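Novice: Structure below; questions to follow.
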Amino acid sequence: MKASAEPIQRPAGEKNLSPDKQREICAACLDQHVETESAIMEEYRALAGPIESGPIRFLIDFILHDEERHHGLLRMMAKYLRIKNRRKSALPWVIDPQEFARHMHKLQEHERETITACRDLKSQVPPEESEFFSALLDALILDSEKHERLLLAVERMVKE
């Protein structure tokens, strides 16, 4: 998260906050970050506005789309933190654990293959398109690395 958001402080004099209060403080911090960063999204929109179609507009729109997804994720996280009596693991136990593990490994392997393929493609990009396509391939690599990390979290949560 960006430093521009003011951190929400623990209420003065409270040393041991209840888990509910801790979750609410965290949720409020996420809400505050969304509000603070809304101006940045408007800057991206203003920047993209006069630019005609092409690689530069494409990249700015790509960033804006990611920012919109990030804001949605932050809102969902805050909403989740406010749910009372939620289950720690939301895995429906009608799924066979071995079948689930098989799917997880298949998806993790796919992400690793995507990373390798994108790295290979970077060396094949024509020089005149290098900056544009290298940036996009790097973004895909980062997304696949993120997906691997999220799948690892799911795997660990299921084992708990």
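Novice: Pop the C-beta distance of SER18 and ASP143 into the FRET formula with R0 = 45 Å and round what comes out to the nearest 0.05.
Specialist: So, using R0 = 45 Å, E works out to roughly 0.75.
Novice: Return the aspartates and glutamates within reach of LYS84: Cα separation strictly under 16 angstrom, same-chain partners fewer than 8 residues apart disregarded; answer none if there are no such residues.
Specialist: ASP20, GLU24
Novice: Calculate one ³J(HN,Hα) per residue across segment 138-147 by plugging θ = phi - 60° into the Karplus curve 6.51 cos²θ - 1.76 cosθ + 1.60, and present them in order as whole Hz with x for glycine and proline.
Specialist: 4, 4, 5, 4, 4, 4, 5, 5, 5, 4
Novice: Can you list the HN-Hα couplings for segment 76-83, worked out from phi with the Karplus curve (6.51, -1.76, 1.60; θ = phi - 60°), rounded to whole Hz and with x for Gly and Pro?
Specialist: 5, 4, 5, 4, 4, 4, 8, 6
Novice: Hey, what do the phi angles of segment 108-123 turn into as Karplus ³J(HN,Hα) couplings, whole Hz, using 6.51/-1.76/1.60 and θ = phi - 60°, x for Gly and Pro?
Specialist: In residue order, the calculated couplings are 4, 5, 4, 5, 5, 5, 4, 4, 4, 4, 5, 5, 5, 4, 4, 6 Hz.
Novice: From the list (i) -0.21, -1.18, -1.49, -1.65; (ii) -0.39, -1.21, -1.26, -1.29; (iii) -0.35, -1.13, -1.24, -1.30, can you say which value of log10 I(q)/I(0) by the Debye sum over Cα atoms at q = 0.08, 0.18, 0.20, 0.21 Å⁻¹ was derived from the structure given?
Specialist: Computing log10 I(q)/I(0) by the Debye sum over Cα atoms at q = 0.08, 0.18, 0.20, 0.21 Å⁻¹ and matching it to (i) -0.21, -1.18, -1.49, -1.65; (ii) -0.39, -1.21, -1.26, -1.29; (iii) -0.35, -1.13, -1.24, -1.30 gives (ii).
Novice: Anyone know which of SER53, SER144, SER38 comes out most mobile in the 10 Å Cα GNM of the chain?
Specialist: Answer for the Gaussian network model of the chain: SER53.
Novice: Pull out the extension gain between ALA153 and ALA39, defined as 0.36 nm times the separation in residues minus the alpha carbon to alpha carbon distance; nm, one decimal.
Specialist: Numbers: separation 114, 0.36 × 114 = 41.04 nm, distance 3.17 nm.
Stretched fully, the ALA153-ALA39 segment lengthens by 37.9 nm.
Novice: With n ≥ 4 as the cut-off for DSSP H runs, can you work out [θ] at 222 nm for the chain, using -39500 (n - 2.57) per run divided by the number of residues, rounded to the nearest 500? If you can, show how the numbers build up before the last one.
Specialist: Details: 4 runs with 113 residues, N = 160.
Helix contribution divided over all residues of the chain: -25500 deg cm²/dmol.
Novice: In a GNM of the chain with a 10 Å cut-off on Cα contacts, which of GLN22, GLN32, GLN98 has the highest mean-square fluctuation?
Specialist: Highest fluctuation of the listed residues: GLN98.
Novice: Expected output is a single nm value to one decimal: the length gained when fully extending between ALA28 and ILE60, i.e. 0.36 nm times separation in residues minus the C-alpha distance. What is it? Don't skip to the end; give the middle numbers.
Specialist: On the way: separation 32, 0.36 × 32 = 11.52 nm, distance 2.91 nm.
Extra length from ALA28 to ILE60 when fully extended: 8.6 nm.
Novice: Measure out, as a whole number of angstrom, how far apart the alpha-carbon centroids of segment 44-71 and segment 134-152 sit.
Specialist: Cα centroid to Cα centroid, the span is 19 Å.
Novice: Next up: Sticking with the crude label model, points 7 Å out along Cα→Cβ, report the distance from ARG102 to ILE51 in nm, one decimal please.
Specialist: It is 4.6 nm.
Novice: How high is the relative contact order of the chain, in percent, with contacts defined as C-alpha pairs under 8 Å that are six or more residues apart?
Specialist: Details: 81 pairs, mean separation 33.8, N = 160.
Reported as a whole number, the value is 21 percent.
Novice: Let me ask another. What is the extension gain from GLU128 to HIS110, computed as 0.36 nm multiplied by their sequence separation minus the C-alpha to C-alpha distance, in nm to one decimal?
Specialist: Values: separation 18, 0.36 × 18 = 6.48 nm, distance 2.98 nm.
Separation in residues times 0.36 nm, less the Cα-Cα distance, equals 3.5 nm.
FYI, it's all coordinate maths here, none of it is from the lab. None of these values were measured; they are calculated from a predicted model. We place every Cβ from the backbone using ideal geometry, glycine too, and count neighbours over all the protein chains shown.
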